[in-house]
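Here, each number is a calculation from the coordinates, and none is a lab measurement. Keep in mind that what you see is a predicted model, and the values were worked out from it rather than measured. Neighbour counts are summed over all protein chains in view; Cβ atoms, including those assigned to glycine, are modelled from backbone coordinates with ideal geometry.
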Amino acid sequence: MLNTVLEHHLPIAQAAEIMGISERHTKRLLAAYRKDGPAAVAHGNRGRRPHNAVPEEAAAAVVKLASNHYSGANHSHFTELLREREGIDLSRPTVRRILVKAGMGIPRSRRSQQHRFRRKRMPQEGMLIQVDGSHHPWLEDRGPKFVLLLAVDDATGVVAQSVFHPSEDTRG
């Protein structure tokens, strides 16, 4: 794109619009491109090691400890052991990332998905009455607070009784 502008095949305004940047920034890029060539367009931190990267020595120590001393520990426990006993303070995801990269990743265990069966309704009306209270601003702060107490027949789903009461208790 910048070559096209430099060869006068495309105006700066149109190039800026295509790239989704301002004309001023396009002019900055052009000046840097003229001065340093294509390398000027690359970000200045390209190729640098991040300041928060784990040093290679620490990563190697983590892998060595995981394979020798603490081979039976899961990631969370291993991270705690590193912090308490070895003085290596790394987060659990960082420890996991190091171990996975080294081919030692312990897969996260998942709980078995137990299907919850719905209870069957009672076969006959009146065998089970379910009572529950609903705390809700029924009067929208224009009066006292009430709880709606509702009694529902389990077999039919019919409301047997409902009443507003100041609190949810057995005297309702």
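Tell me, Ser76, Ser112 in order of fewest to most beta-carbon neighbours within 10 Å? Each step should come with its number before you reach the end.
Numbers: Ser76 11, Ser112 5.
Fewest-to-most ranking of Ser76, Ser112: Ser112, Ser76.
Give the angle, between 0 and 90 degrees and rounded to the nearest 10, that separates the Cα long axis of helix 92-101 from the longest principal axis of the Cα atoms of the chain.
Helix 92-101 sits roughly 60 degrees off the main axis of the chain.
Less than 9 Å Cβ to Cβ from Ile129, Lys/Arg counted +1 and Asp/Glu -1: what total charge do the surrounding residues give? Provide the component values of the computation, followed by the final result.
Values: positive: none; negative: Asp153, Asp154.
My count for the surroundings of Ile129 gives -2.
Listing Arg24, Arg46 from the residue with the fewest other Cβ atoms within 10 Å to the one with the most, what is the order? All intermediate terms of the calculation are to be shown ahead of the outcome.
On the way: Arg24 10, Arg46 7.
By the 10 Å Cβ count, ascending: Arg46, Arg24.
For Ala155 and Arg111, calculate 0.36 nm times their separation in residues minus their Cα-Cα distance, and state this gained length in nm to one decimal. Intermediate values should be presented prior to the final figure.
Details: separation 44, 0.36 × 44 = 15.84 nm, distance 3.42 nm.
12.4 nm is the gain from fully extending Ala155 to Arg111.
What's the magnitude of the charge dipole for segment 56-101 around its Cα centre, counting Lys and Arg as +1 and Asp and Glu as -1 at the beta-carbon? Answer in Debye, nearest 20.
Taking the Cα centre of segment 56-101 as origin, the dipole is about 220 debye.
Would you order Thr156, Thr94, Thr26 from fewest to most other beta-carbon atoms within 10 Å of each residue's own beta-carbon? Before the final figure, lay out each step's value.
On the way: Thr156 13, Thr94 16, Thr26 21.
The fewest-first ordering by Cβ neighbours comes to Thr156, Thr94, Thr26.
Would you indicate which of [x] 1.18; [y] 1.29; [z] 2.18 is the value of Cα Rg over 2.2 N^0.38 Å derived from the coordinates of this structure?
Label [z] holds the value from this structure.
Share of Cα-Cα pairs in segment 14-94 beyond 14 Å, in percent? Intermediate values should be presented prior to the final figure.
Values: 2370 of 3240 pairs.
The calculated P(r) of segment 14-94 puts 73 percent of pairs beyond 14 Å.
Efficiency by 1/(1 + (r/R0)^6): what FRET value for Arg28 and Asn52, r their Cβ-Cβ distance, R0 = 25 Å, to the nearest 0.05?
Values: r = 29 Å, r/R0 = 1.16.
Efficiency for this residue pair is about 0.30.
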